[in-house]
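We did not get these values from a lab; they are worked out from the coordinates using the rules stated. On a predicted model such as this, the values are computed, not experimentally measured, just so you know. Because the Cβ atoms are built from the backbone with ideal geometry, glycine has one as well, and the counts that use them run over all protein chains shown.
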Amino acid sequence: MHFPRSSGILLHPTSLPGPHGSGDFGAAAYHFVDWLAAAGQKMWQILPLGGIGPGNSPYMSSSAFAGNVLLIDLDDLHAHGWLDANDLNIHRGFASHRVDYSVVYRYRMEKLRLASQRFFASKQFLSDFEGFCAAEQSWLDDYSLFMALAEKFGWRDWGHWVPSLAKREKKALAKAMVELAHEIEFWSFCQWCFFRQWRKLKQYANQRGVQIIGDIPIFIAYQSAEVWARQDLFELGENLLPAVIAGVPPDYFSSTGQRWGNPLYRWSAHEQEGYAWWIQRIRKTTELVDIVRIDHFRGFAGYWEIPASEQTAINGRWMPGPGEKLFNAIQTTLGELPIIAEDLGVVTPDVVALLEQFDLPGMRILQFAFGGGSDNPYLPHNFKSNTVVYGGTHDNDTAIGWYNNASQHERTFACKYLGCDGSEINWDLIHAASRSIADVAIHPFQDVLGLDSDHRMNLPGKAEGYWEWRFTWDQVTPAHSERLYEISAVHGRCAADRLKF
């Protein structure tokens with residue numbers, strides 16, 4: 001699918017300002033939408049909305065369908081009377097420029113539990129809550145029970161729970177549902193709050209001409225409701241633990257590859273049921289966002305299988321993915337969908353063929369463009385229009401950080417190619433992305449603000465200390481939106497009616 005010529009900003013909601021330790025769906029999110037519209041941006045790209053996993057990564061969620069409860073706007077719960085003003089006193093441990101998840105998690109979960117108690121006591125909106133539970137039953141029942149059991153067992157991996165529950169024996173599940181009824185209600189309440197608030201925010205964005213680009217991680221965490229609920233769809237051993245896991249071989253980011261640790265799909269089982277699980281996953285995601293970015297798209301053509309006993313990703317092997325069979329099934333059921341394929345890494349002919357067969361736009365990263373010569377596929381003159389171009393992604397350094405740490409060849413080539421001296425390399429990359437032939441240009445918000453390496457979102461291969469970056473509104477000036485609007489307008493990515501020549 002080709003997208004209209006446009007541009008947008010990459011920023012995860014956790015990076016937004018706000019009084020409760022991390023960004024959420026509150027007032028700052030609406031203000032950011034207004035900022036996007038004022039800056040002529042038509043896209044807001046976010047990271048996966050699922051709950052965070054090890055290392056606070058949104059790519060290791062406890063569910064393929066549930067939302068991150070830490071994104072729930074607590075002020076909205078206060079407005080409904082489920083939290084008092086005193087409940088929302090500012091915690092001394094909060095930081096304005098980073099998310100301290102150890103503090104934020106305890107604080108927010110305490111408030112959510114308190115709000116849940118008052119919600120069920122008041123019985124207001126109960127019919128709306130019950131309607132949500134009925135509509136989302138296909139995934140919500142397993143998720144809420146899984147989270148209640150995970151809490152009961154001290155968040156140990158489900159494969160180490162008592163065997164009757166790990167194996168999902170009917171009598172054990174029925175007993176647990178009775179014993180943990182209140183806890184199950186709590187997790188369902190959190191999901192109701194999440195989806196209710198998110199849909200309101202998305203509607204606000206759409207009404208102002210801003211579309212949401214969401215993100216689907218190709219893999220999910222072992223410690224997730226779906227792996228526990230559908231063990232037949234994943235490559236698990238007799239001990240219910242993964243025998244092989246996901247990752248990528250040595251690459252640009254790591255000389256030992258990336259050992260992600262996610263369980264791999266048993267693709268033969270998915271094929272036998274007509275890829276129903278994947279179809280449901282795609283359908284639910286398209287209900288929440290306007291455009292879907294599929295992470296690690298090359299894994300559908302072929303994926304890197306690592307023995308679970310290996311400590312790095314070096315000793316793995318390529319295995320065939322489902323390829324066109326999966327996407328034919330999705331397209332047959334759901335029709336042509338607005339999908340962006342993250343086709344970075346080892347791109348082999350079968351990956352290219354899959355992209356071309358389904359007319360899916362791939363990605364180009366300008367930070368990768370200057371390491372070789374003029375034939376580098378990441379250089380704008382080598383683009384095709386059905387492309388989404390980025391200065392960098394959440395896995396890259398900021399533009400300034402990249403330039404400061406780049407090789408002499410890269411810096412020299414970049415300056416010659418971009419016609420600059422490197423003093424504003426962040427704006428030079430934004431300008432290059434915007435004027436390129438790519439249908440969509442996405443700019444990391446850190447680059448708009450001109451921030452250095454201390455503000456990068458993630459560093460692949462590092463398990464701790466990332467996904468924490470936040471900004472504050474005093475870092476944002478009118479000049480940022482005015483400059484971005486002008487660049488976007490002159491390159492045909494937004495209306496030019498405000499330009500003055």
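From the C-alpha coordinates alone, can you work out the Kirkwood hydrodynamic radius of the stretch 270-378, in Å?
Radius from the Kirkwood sum: 15.6 Å.
With a point put 7 Å past each Cα toward its Cβ, work out how far residue 423 is from residue 495 in nm, to one decimal.
Going from the residue 423 label point to the residue 495 one covers 3.6 nm.
With unit charges on the beta carbons (Lys and Arg positive, Asp and Glu negative) and the dipole taken about the Cα centre of the stretch 36-177, which residue among 58, 145, 163 sits farthest to the positive side?
So the residue we want is 163.
Could you tell me the center-to-center distance, by alpha carbons, between the stretch 1-74 and the stretch 120-160 in angstrom?
Measuring centre to centre over Cα atoms gives 23 Å.
Taking only Cα atoms of the stretch 371-411, what ratio of Rg to Rh do you get with Rh as the Kirkwood inverse-distance radius?
Reported Rg/Rh, Kirkwood definition of Rh: 0.99.
Residue by residue, what Karplus-based ³J(HN,Hα) values in Hz, rounded to whole numbers, does the stretch 411-417 have, using 6.51, -1.76 and 1.60 with θ = phi - 60° and x for Gly and Pro?
3J(HN,Hα) across the stretch 411-417, in whole Hz: 5, 5, 4, 4, 5, 5, 5.
Using all alpha carbons of the stretch 1-65, what is the percent of pairwise distances in each 10 Å bin, ordered from the shortest bin to the longest?
Spelled out per bin, shortest first, that is 19, 41, 31, 9.
Taking the radius of gyration and the Kirkwood hydrodynamic radius from Cα positions alone, what is the Rg/Rh ratio for the chain, to two decimal places?
Here Rg/Rh amounts to 0.96.
Please give every one of the lysines within straight-line cross-link reach of residue 123, meaning a C-alpha to C-alpha distance under 24 Å, and leave out same-chain neighbours fewer than 8 residues apart.
111, 200
For residue 302, list long-range residues whose amide hydrogen, built 1.01 Å from N in the peptide plane, is under 5 Å from its own amide hydrogen.
When sequence neighbours closer than 5 places are left aside, the close amide H contacts are 321.
From the phi of every residue in the stretch 224-237, what ³J(HN,Hα) in whole Hz does the Karplus formula 6.51 cos²θ - 1.76 cosθ + 1.60 yield, where θ is phi - 60° and glycine or proline is x?
Per residue, the Karplus-derived 3J(HN,Hα) values read 9, 4, 6, 5, 5, 6, 10, 4, 5, 8, 10, 7, 10, x Hz.
I'd like to compare 437-450, 197-210, 19-32: which one has the highest average count of other Cβ atoms within 10 Å, and what's the full order after that?
Ranking, from highest mean packing down: 437-450, 19-32, 197-210.
May I ask for log10 I(q)/I(0) of the stretch 168-269 at q = 0.14, 0.23, 0.24 Å⁻¹, from a Debye sum over the Cα atoms as equal point scatterers with solvent left out?
Scattering profile of the stretch 168-269, log10 relative to I(0): -0.88, -1.15, -1.18.
Kirkwood Rh over Cα pairs of the stretch 390-501 into Stokes-Einstein at 4 °C, 1.567 mPa s: D in µm²/s?
86
Could you work out the local net charge near residue 113, counting Lys and Arg as +1, Asp and Glu as -1, over the other residues with Cβ closer than 13 Å to its Cβ?
The answer is -1.
Restricting the count to DSSP beta bridges whose residues both fall in the chain, what percent are antiparallel, rounded to a multiple of 5?
35
What does the charge add up to near residue 125, with Lys and Arg as +1, Asp and Glu as -1, over the other residues with Cβ less than 15 Å from its Cβ?
Summing Lys/Arg as +1 and Asp/Glu as -1 gives +1.
How large, in Å, is the stretch 209-255 by the Kirkwood hydrodynamic radius built from its alpha-carbon pairs?
That comes to 13.6 Å for the stretch 209-255.
Counting Lys and Arg as +1 and Asp and Glu as -1, what is the net charge of the other residues whose Cβ lies under 12 Å from the Cβ of residue 308?
Net charge in that neighbourhood comes out at -2.
When Rg is the radius of gyration of the Cα atoms in the stretch 1-121 and Rh is its Kirkwood radius, what does Rg/Rh come to?
Taking Rh as the inverse mean 1/r over Cα pairs, Rg/Rh reads 1.01.
Long-range amide H contacts for residue 234: which residues qualify at under 5 Å (H placed 1.01 Å from N, peptide plane, sequence gap of 5 or more or a different chain)?
266
Once the dipole of the chain is set up with Lys and Arg at +1 and Asp and Glu at -1 on Cβ about the Cα centre, which of 213, 487, 326 lies farthest towards its positive end?
213
Going through the stretch 1-102, which trypsin sites (Lys or Arg not before Pro) have at most 15 other Cβ atoms within 10 Å and a DSSP loop state?
Taking the stretch 1-102 and a limit of 15 other Cβ atoms within 10 Å, the loop trypsin sites (Lys or Arg not before Pro) found are 92.
Which one, 402, 358, 338, projects farthest toward the positive side of the charge dipole computed for the stretch 335-406 from Cβ point charges (K/R +1, D/E -1)?
402
Can you bin the stretch 300-444 into rounded, prolate or oblate? Criterion: square roots of the alpha carbon gyration tensor eigenvalues sorted a ≥ b ≥ c, rounded for a/c under 1.5, prolate for a/b above b/c, oblate for the rest.
Cα axes put the stretch 300-444 in the oblate bin.
Tell me which residues come under 5 Å, amide H to amide H, from residue 49 once H is placed; ignore anything under 5 positions away on its chain.
Here the answer is 215, since their amide H atoms fall under 5 Å of that of residue 49.
I need the phi-derived Karplus couplings for the stretch 451-467: 6.51 cos²θ - 1.76 cosθ + 1.60, θ = phi - 60°, integer Hz, Gly and Pro marked x.
9, 9, 4, 5, 10, 5, 7, 8, 10, x, x, 9, 7, 10, x, 10, 6
Ignoring the sites themselves, what is the longest stretch of the chain with no GluC sites (Glu not before Pro) in a DSSP loop and at most 16 other beta-carbon atoms within 10 Å?
That would be 1-168.
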